[in-house]
1. Kindly indicate which of 96, 42 is within 26 Å of residue 253 (Cα to Cα), free of Cβ contacts under 8 Å to residues at least 24 places away in the same chain and in a loop (DSSP other than H, G, I, E, B).
2. Give the residues of the range 64-80 that are outside any helix (DSSP H, G or I), touching a Gly at 6+ places or on another chain (Cβ under 9 Å) and surrounded by 18 or more Cβ atoms within 10 Å (Cβ to Cβ), sorted by residue number.
3. What residue, of 122, 94, is surrounded by fewer than 23 Cβ atoms within 10 Å (Cβ to Cβ) and of a type in the set (A, V, I, L, M)?
4. If you go through the range 263-282, how many residues are part of a loop (DSSP other than H, G, I, E, B) and exposed (fewer than 14 other Cβ atoms within 10 Å of the Cβ)?
5. Given the options 220, 171, name the one that is modelled with pLDDT of 95 or more, of a type in the set (Val, Ile, Thr) and over 26 Å from residue 284 (Cα atoms).
6. For the structure I just gave you, tell me whether residue 212 is assigned by TED's automatic domain parsing to the domain that holds residue 298, closer than 25 Å to residue 300 by Cα, modelled with pLDDT under 95 and of a type outside the set (A, V, I, L, M).
7. Being buried (at least 24 other Cβ atoms within 10 Å of the Cβ) and out of contact with any Gly (no Cβ under 8 Å at 6 or more places or on another chain) narrows it down to one of 157, 167, 148, so name that one.
Amino acid sequence: MSAKKTAQFDPQKTLESIENEFEMVQVLNEEGKIVNEEAMPKLSDEELQELMTRMVYTRVLDQRSISLNRQGRLGFYAPTAGQEASQIASHFALEKADWILPGYRDVPQIVWHGLPLYQAFLFSRGHFVGNQAPEGVNVLSPQIIIGAQYVQNAGVALGLKKRGKKAVAVTYTGDGGSSQGDFYEGINFAGAFNAPAIFIVQNNQFAISTPREKQTAAKTIAQKGIAAGIPSVLVDGMDPLAVYAVVKEARERALNGEGPTLIETLCYRYGPHTMAGDDPTRYRTSDLDTEWEKKDPLVRFRKYLEERGLWSEEKETEVIERAKEEIKDAIKKADETPKQKVTDLMANMYEEMPANLKEQYEIYTAKESK
């Protein structure tokens with residue numbers, strides 16, 4: 001009997017050593033207490049208040065958008081409640097010159113980046129005006145194709161690098177998007193060309209109804225960046241200070257010529273995947289919802305700010321009332337925008353219309369003039 005051969009390598013050990021490196025970055029715990037002084041970002045009292053203001057405003061925007069959708073006044077809508085720290089704190093770490101390539105759940109970031117709210121409502125309705133960002137507002141329209149924005153983000157970032165711009169390109173997707181081929185192509189391209197890109201995966205636990213653990217054998221999504229040779233971070237996505245700190249550092253690295261970063265924000269969406277008929281009670285338990293409600297980013301941040309005398313019920317009420325009023329004005333402006341016509345679609349699609357469409361264009365022009 002031949003002697004049993006001893007393995008000269010242990011790939012399982014290598015995998016485990018990589019996975020064990022990804023400890024979650026956290027600054028504030030669920031009680032709003034600082035647990036990592038070293039990671040605490042340098043934000044002034046005014047900046048802390050502004051970050052909270054934007055998060056509260058965004059929660060109101062989500063509530064009103066759901067209501068407007070149910071009234072038939074909005075079209076496609078993906079709820080955002082629970083992801084305010086992941087979305088708003090990450091955006092808070094950016095500058096106006098940076099480019100944002102959002103997924104369909106990431107409307108709040110592009111609104112805070114400068115897209116007028118009424119245009120965000122028009123995007124939801126499928127109106128072309130909703131996709132016409134004003135000059136100087138560096139955003140692309142929310143991507144509906146899962147993960148496609150990752151490839152685009154790599155390209156935009158490379159363009160910024162080649163033009164010598166001191167800016168980064170930032171994109172978002174959900175945990176489901178990390179299972180798409182575009183995800184790997186995007187991060188690999190950006191890594192290969194050392195592009196100033198930030199890739200954020202908002203791991204809200206479910207890709208529609210598919211739990212994260214059924215999508216991949218990987219212990220974390222963050223570790224997938226290692227294969228592309230880019231720095232990767234796992235952060236508490238319900239902690240705005242941790243998210244801000246991680247994205248801020250990634251941006252600084254990118255501007256210093258150190259290339260892209262992949263960031264996984266561990267978070268939770270309290271509502272359905274979209275308002276198009278998804279029922280989260282069919283795939284999520286009430287116990288799980290309760291567990292994550294205790295981690296609510298607004299509650300956590302509110303406790304921290306109140307402890308420092310920087311927030312109050314009166315201040316929050318002011319923000320809520322302002323949000324409601326501005327949302328009311330924005331939906332009114334969206335309602336007043338001329339309805340989209342078939343001829344608009346044709347004219348916007350082609351610089352030089354083919355002969356067969358020219359004929360149809362004339363037919364519809366005549367119909368629309370009646």
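The values are calculated or read from the model by the stated rules, or taken from the named source; none is laboratory data. Quick caveat: nothing in here was measured; it's all calculated off a predicted structure. Virtual Cβ from ideal backbone geometry, glycine too; neighbours counted across all protein chains shown.
1. Checking each option against the conditions leaves just 42.
2. Within the range 64-80, 78, 79, 80 qualify.
3. 94
4. Adding up the residues that qualify gives 3.
5. Selected residue: 171, the only one of 220, 171 that is modelled with pLDDT of 95 or more, of a type in the set (Val, Ile, Thr) and over 26 Å from residue 284 (Cα atoms).
6. Criteria met by residue 212.
7. 157
Yes/no matrix, rows are residues, columns are (1) touching a Leu at 6+ places or on another chain (Cβ under 9 Å); (2) closer than 23 Å to residue 220 by Cα; (3) not in a helix (DSSP H, G or I):
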{"site": "155", "(1), (2), (3)": "no, no, no"}
{"site": "166", "(1), (2), (3)": "yes, no, yes"}
{"site": "177", "(1), (2), (3)": "no, yes, no"}
{"site": "185", "(1), (2), (3)": "no, yes, no"}
{"site": "190", "(1), (2), (3)": "yes, yes, no"}
